[in-house]
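*Asks:* Quick one: the structure is below, and I'll ask about it shortly.
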Amino acid sequence: MPELSNRKIALFIPCFVDQMSPEVGLDMATVLRRAGYVPEFRKEQTCCGQPGFNTGYWNEARPLAERFVAVFRSAEIVVCPSASCTTMVRNFYPELLADSPLRTDAVELGRRVFEFSEFMIKVAGVADVGASFPHRVTYHDSCHALRELHLKQQPRELLRHVQGLELVEMPHGEDCCGFGGTFSTKFSMISSAMGDTKVGNAEISGAEYITSTDPSCLLQIDGILRHRKSRMRTIHLASILARTEASRGPGHEARP
């Protein structure tokens, strides 16, 4: 694991967070500050190119990937509140930029880009961030976190150290929620059926909240919850960890 010469952390804020759940990025920054780091937001950053890459538009995705590398290659550590976007940079940039003069820089940068829970446990070595969230919570293993980054225990370890939180496992917690980017629009009936099954399993757990490392998964799940008129709510892992006993208000759920 890389070692920091200083406490500065470059934040990689994905499109879903920037446009639809900005509180997730703010909460991640709050937790990083509490752990003694100095978050830095580079305004030049844009989309990492994942939507174009996943749908076969590699020529359109490549300039975005090259821009990402140019913006972040001077950063010692980059932390992102999305396992899928972290996967794009670490696992798929070498393939996308195979013929680019920036390929070597991309590979080296990928080793310094971490999903948020991965950074907290593997790099910072901090499991207890002083959070308080007195609710029953179940965790959704997103496909990219589990299958690409091999993250399973890291987010759970953080949740187990949250004061008042009861972590309960849902049946078939490793199953996909059905989002899959443009899969959810191209194959909406299949996507909805998968999401309905995921939410049904979450409800069986008796949890009040379902959390994950991926805001896109939570948006998919939230839509299903709304359709079912369920009392369960979604909340990103970073937003749970940002909560303390001194926090006020209902939190940063994905819906009011």
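*Asks:* Please state the relative contact order of the chain as a whole percent: Cα pairs under 8 Å, 6+ residues apart?
*Replies:* 20 percent.
*Asks:* With +1 assigned to the C-beta of every Lys and Arg and -1 to the C-beta of every Asp and Glu, and no other charges, what is the dipole magnitude of the stretch 162-243 about the Cα centre in debye, to the nearest 20?
*Replies:* Computed charge dipole of the stretch 162-243: roughly 380 debye.
*Asks:* Sequence neighbours fewer than 8 away in the same chain don't count; with that in mind, list the lysines whose C-alpha is under 18 Å from LYS152.
*Replies:* Leaving aside lysines fewer than 8 places away in the same chain, those within reach of LYS152 are LYS122, LYS198.
*Asks:* For ALA70 and ASN6, compute 0.36 nm times the residue count separating them, minus their Cα-Cα distance, and round to one decimal in nm. Mind showing how you got there, number by number?
*Replies:* On the way: separation 64, 0.36 × 64 = 23.04 nm, distance 2.09 nm.
Between ALA70 and ASN6, full extension yields 21.0 nm more.
*Asks:* Continuing with the same structure: Shape of the stretch 19-149 from its Cα gyration tensor (a ≥ b ≥ c, root eigenvalues): rounded if a/c is under 1.5, otherwise prolate when a/b > b/c, or oblate? Display every interim value, and only then the final one.
*Replies:* Numbers: a/c = 2.02, a/b = 1.65, b/c = 1.22.
In terms of gyration-tensor shape, prolate.
*Asks:* Highest mean first, how do 69-76, 89-96 rank when packing is the count of other Cβ atoms within 10 Å averaged over residues?
*Replies:* Going by the mean number of other Cβ atoms within 10 Å, highest first, we get 89-96, 69-76.
*Asks:* Related question: May I ask you to compute the full-extension gain from PHE183 to THR46, defined as 0.36 nm times their residue separation minus their alpha-carbon distance, rounded to one decimal in nm?
*Replies:* Values: separation 137, 0.36 × 137 = 49.32 nm, distance 2.23 nm.
In short, 47.1 nm is gained.
*Asks:* About its Cα centre, how strong a charge dipole does the chain have in debye, to the nearest 20, once Lys and Arg get +1 and Asp and Glu get -1 at the Cβ?
*Replies:* Values: 29 positive and 30 negative charges, 81 e Å.
Result for the chain is approximately 380 debye, rounded to the nearest 20.
*Asks:* Report, in whole Å, the centroid distance computed from the Cα atoms of the stretch 78-133 and the stretch 43-63.
*Replies:* 16
*Asks:* Follow-up. Remind me, relative contact order of the stretch 1-110 in percent, using alpha carbon pairs under 8 angstrom and six or more residues apart?
*Replies:* Relative contact order for the stretch 1-110 comes out at 31 percent.
*Asks:* Let me ask you something else. Order of 11-19, 43-51, 233-241 by packing, highest average Cβ count within 10 Å first?
*Replies:* Per-residue Cβ counts within 10 Å, averaged per peptide and sorted highest first, yield 233-241, 11-19, 43-51.
*Asks:* Looking at the square roots a ≥ b ≥ c of the eigenvalues of the Cα gyration tensor of the chain, which shape do they give, rounded for a/c under 1.5, prolate if a/b is larger than b/c, or oblate?
*Replies:* Since a/c reaches 1.5 but b/c is at least a/b, the shape of the chain is classed as oblate.
Every read-out reported here was derived from the displayed coordinates using simple, explicitly stated rules and does not represent laboratory data. All values reported here derive from a predicted model rather than from experimental measurement. For neighbour counting, all protein chains shown are included, and Cβ atoms are generated from backbone atoms with ideal geometry for every residue, glycine included.
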